[in-house]
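The values are calculated or read from the model by the stated rules, or taken from the named source; none is laboratory data. All of these numbers come straight from a predicted model, not from anything done at the bench. Note that each Cβ is placed from the backbone with ideal geometry, even for glycine, and that neighbours are counted across all protein chains shown.
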Amino acid sequence: MLHFLRRQASRWLLLLGACELVLLAGSLNLAMYLRYYRSADQLAEFSVHMPERSLVFAVIIVLAMVALGQYQAHMRMTRFDLLARQAVAFVLGGTGLVVAYYVVPQAYVGRGVLSIALVLAFIAVAAFRLIFMRLVELDALKRRVLILGAGTRAAHFHNVMRRRSDRRGFYVVGYLPHRGEPIAVEGERVLSHDESLCQLVLREEVDEVVVSVDDRRGHLPMDELLECRQIGVTITDLTTFFERESGRVQLTLLDPSWLVFSGGFNATLLRRFSKRCFDLTMVLMLLLLCWPLMLIEALAIRIESGPGQPILYRQERVGERGKTFSLLKFRSMRTDAECDGIVRWACKNDDRVTRVGRISRKLRIDELPQLWNVFKGDMSIVGPRPERPQLVADLTDKIRYYSVRHCLKPGLAGWAQISYPYGASVEEAAEKLKYDLFYVKNHNLLFDLLILIQTVEVVLFGRGAR
C-alpha cells in the first residue's frame with residue numbers, strides 16, 4: 001500500500017485540491033443546516049438545488065486559492081503566511097461568489113448561509129491543510145529515488161535541490177557512484193557496489209532511478225537498467241527529472257540532444273488554433289472587465305502630465321521567431337526617460353517612473369493596452385515576456401539557448417513572470433530563462449489557464465513590479 005502511495009506522490013496537489021473541494025462543499029451543506037435546522041420547510045426548500053450550489057461554492061473558492069498560489073508545488077510559507085494567503089483567497093472567493101450570484105440568481109444561497117459557510121470552510125480548510133502538509137513531508141509516503149552517479153552532475157543536483165521543500169514529492173535513497181567516476185557529492189548517503197543495481201533497487205524499495213552519470217557515452221549499465229525497468233521501476237534522465245520536479249529547465253545540465261529528443265514544443269495546427277481561440281476569448285473578457293481601469297488610467301496620465309503629452313507608449317519588442325513588433329503600453333515613465341538613446345533595465349525605485357506610473361506598474365495596469373497586440377496576433381495572453389531587441393541581442397550572446405524562448409509568441413502573462421521576480425541583470429535573465437524554457441516545452445491549454453489564474457497573485461501582491 002505504501003509503495004502505491006509513493007508512486008502517486010507526485011499527484012499530491014491534485015489530491016489536496018480534491019479533498020478541499022469536498023470540504024468546501026460540505027461546509028456549505030453544514031451552513032445550510034445550521035441556518036435552517038429549526039425550520040423544516042425552509043430546510044427542505046433550500047435543499048432542492050444544494051448539489052449545484054455546493055459545486056459553485058467549492059469551485060470558486062478553490063479557483064481563488066489557486067490564484068493566490070495555494071496549490072504551487074514548492075510552497076515555502078510559514079503557517080502565518082499560509083493563513084494570510086488563505087484569508088485573502090477567501091475574501092477574493094467571496095467577492096467572486098457575490099458576482100456569480102448576481103449573474104446566476106438561481107445559485108444564490110443567502111447572506112446568512114454564505115457567511116456561515118465561509119467561516120466554517122476557512123477553519124476546515126486551514127486545519128486540513130496543516131495536517132495534509134505534515135503527511136506530505138513524511139518520507140514513508142514519498143517516491144523513493146536512487147541517483148545513479150555521484151559526480152559533478154549529481155553534486156549540482158544535490159546543491160540546487162537540497163531544501164526539503166524542493167524534495168516534497170520524493171526522497172533520495174542515496175547516490176550510487178558510477179565506476180571510474182570521482183565522487184563529488186557531500187553530505188548525502190553514497191552507496192557501495194556490493195550488489196547489483198537491481199538487487200539494490202529491490203532492497204531499498206526504489207520507485208525511480210535517475211541517471212546522473214557525468215560521461216554517458218558507452219558507460220551506462222544498460223543491462224542492469226533494463227532489468228530494473230522490467231520490474232516496474234521508472235528510469236529517468238537527470239535533466240528530465242529536474243524539469244519535472246522543479247518546474248524549470250536547469251541550464252547547467254542542458255545539452256542540445258536533450259532539447260531535441262525530450263519531447264514537448266507542441267506546435268501542431270490544433271494547438272496553435274486552440275491557443276489563438278483562447279487568446280481572443282480572454283481578450284474580450286479582460287476588455288469587458290478592465291475598460292473602466294483603462295479609462296481611469298488614461299485620465300490620470302493626462303491630469304499628471306498635462307495636455308499634449310502622450311498617454312500611450314510604443315516600443316519595439318522581439319516576438320515569435322525573432323520578428324519585431326510595436327508593443328503598446330500606458331506611459332509610466334517620463335517622456336525623456338531614454339533621451340540619450342541608451343537602453344536600461346528598469347530598477348527598483350526608478351526615478352524615471354511617474355507617480356501614476358508607479359501605481360500602474362505595481363498593479364500591471366500599464367500593460368493592459370497590450371490586449372491590442374494580442375488581438376492583432378503579435379502576442380499571446382500567456383507566453384515568455386517580450387524584450388527589446390537590444391537586450392535580446394545582448395542576452396543571446398551571453399546566455400546559451402536564450403533564442404529558444406522565441407519559438408512562441410510572447411505573452412501578457414507567463415510562467416516565468418509568476419515564478420520569478422522581475423529580472424534586471426544578465427544573471428536574473430538566465431534564471432527566468434529556466435522557466436521560459438519549461439513553458440515553451442510543456443505549454444498546453446490547461447497550463448495557460450492556470451498561469452492566467454495565478455497571475456492574480458502577482459497583481460495583488462505586486463511581485464516583480466519595477
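For every residue, the table says whether it meets (1) at pLDDT 95 or above; (2) farther than 21 Å from A413 by Cα.
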{"position": "L269", "(1), (2)": "no, yes"}
{"position": "F278", "(1), (2)": "yes, no"}
{"position": "L295", "(1), (2)": "yes, yes"}
{"position": "E304", "(1), (2)": "no, yes"}
{"position": "P307", "(1), (2)": "no, yes"}
{"position": "I311", "(1), (2)": "no, yes"}
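Going by what's in this entry, would K432 be described as basic (K, R) and either free of Cβ contacts under 8 Å to residues at least 24 places away in the same chain or part of a helix (DSSP H, G or I) (or both)?
The answer is yes for K432.
Go through (1) over 26 Å from the mean Cα position of the chain (by Cα); (2) under 22 Å from S246 (Cα atoms) one by one and return the number of the condition A154 breaks.
Of (1) over 26 Å from the mean Cα position of the chain (by Cα); (2) under 22 Å from S246 (Cα atoms), only one is false for A154: (1).
Any residue in the stretch 17-37 that's within 12 Å of L55 (Cβ to Cβ): show its pairings with residues that are among the aliphatic types (A, V, I, L, M) and not in a helix (DSSP H, G or I) at Cβ separation under 9 Å, as long as the two are six or more apart or on different chains.
The qualifying pairs are L28/V109.
Out of all the residues in the stretch 187-202, which are touching a strand residue (DSSP E or B) at 6+ places or on another chain (Cβ under 9 Å) and either modelled with pLDDT of 90 or more or not assigned by TED's automatic domain parsing to the domain that holds T152 (or both)?
L197, L200, V201 - these are the residues of the stretch 187-202 that are touching a strand residue (DSSP E or B) at 6+ places or on another chain (Cβ under 9 Å) and either modelled with pLDDT of 90 or more or not assigned by TED's automatic domain parsing to the domain that holds T152 (or both).
Has the stretch 71-79 got any residue that is under 28 Å from A31 (Cα atoms) and not basic (K, R)?
yes
What are the residues in the stretch 414-428 that are assigned to a helix (DSSP H, G or I) and surrounded by fewer than 21 Cβ atoms within 10 Å (Cβ to Cβ), if any?
Across the stretch 414-428, the qualifying residues are V426, E427, E428.
Out of E316, E297, E245, report the one residue that is closer than 30 Å to R162 by Cβ, surrounded by 12 or more Cβ atoms within 10 Å (Cβ to Cβ) and in contact with a strand residue (DSSP E or B) (Cβ under 9 Å, 6 or more places away or on another chain).
E245
Might you check whether a residue that is touching an Asp or Glu at 6+ places or on another chain (Cβ under 8 Å), at pLDDT 90 or above, buried (at least 16 other Cβ atoms within 10 Å of the Cβ) and part of a helix (DSSP H, G or I) occurs anywhere in the stretch 373-388?
Among the residues of the stretch 373-388, at least one is touching an Asp or Glu at 6+ places or on another chain (Cβ under 8 Å), at pLDDT 90 or above, buried (at least 16 other Cβ atoms within 10 Å of the Cβ) and part of a helix (DSSP H, G or I), which makes the answer yes.
In this structure, is R53 part of a helix (DSSP H, G or I), out of contact with any helix residue (DSSP H, G or I) (no Cβ under 7 Å at 6 or more places or on another chain) and buried (at least 18 other Cβ atoms within 10 Å of the Cβ)?
Criteria not met by R53.
Mind checking which residues of the stretch 388-408 are of a type in the set (K, R) and either free of Cβ contacts under 8 Å to residues at least 60 places away in the same chain or touching a strand residue (DSSP E or B) at 6+ places or on another chain (Cβ under 9 Å) (or both)?
R388, K398, R405
Any residue in the stretch 134-156 that's on the phi > 0 side of the Ramachandran plot and assigned by TED's automatic domain parsing to the domain that holds R216: show its pairings with residues that are crowded, with 19+ Cβ neighbours inside 10 Å and not acidic (D, E) at Cβ separation under 6 Å, as long as the two are six or more apart or on different chains.
Here the result reads G149/H178; G149/S212; G149/V213, each pair linking the stretch 134-156 to a residue that is crowded, with 19+ Cβ neighbours inside 10 Å and not acidic (D, E).
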